[in-house]
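The block underneath contains the structure these notes are about, expressed in structure tokens.
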Amino acid sequence: MCKHRPRCPSAYASDHDAAHLVAFHPEQGWGLLCNGVVVFEDTGALLPDGSSVPSDRLACGSAA
């Protein structure tokens, strides 16, 4: 999908989130990158094959 030069990282590269943003919906908390990855405001992502990348945010909560 990427037509940038140099090409953006592939959806399966470790730095996939460095690709260019092509659609952004902050009111819904997501954006689409030119490599087909959907990124979420919680830092999670969906890859083009439907697999997910979990959020890297730490869960907040009290210790029980």
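Where a number appears in this text, it was derived from the coordinates with a stated rule and is not lab data. Remember, predicted model here, so these are calculated numbers, not experimental data. Cβ sites come from the backbone with ideal geometry, for glycine too, and all protein chains shown count toward neighbours.
Applying a threshold of 6 Å to beta carbon distances and a minimum spacing of six or more residues, or different chains, the list of pairs starting in segment 4-21 at a residue that is surrounded by 11 or more Cβ atoms within 10 Å (Cβ to Cβ) and ending at one that is of a type in the set (Asp, Glu) reads 9/15. Just name the residue that is farthest from residue 56 (Cα to Cα) out of those in segment 26-41 that are without any contact (Cβ under 8 Å) to a residue 12 or more places away in the chain and surrounded by 11 or more Cβ atoms within 10 Å (Cβ to Cβ). Ranking the qualifying residues of segment 26-41, first place goes to 32.
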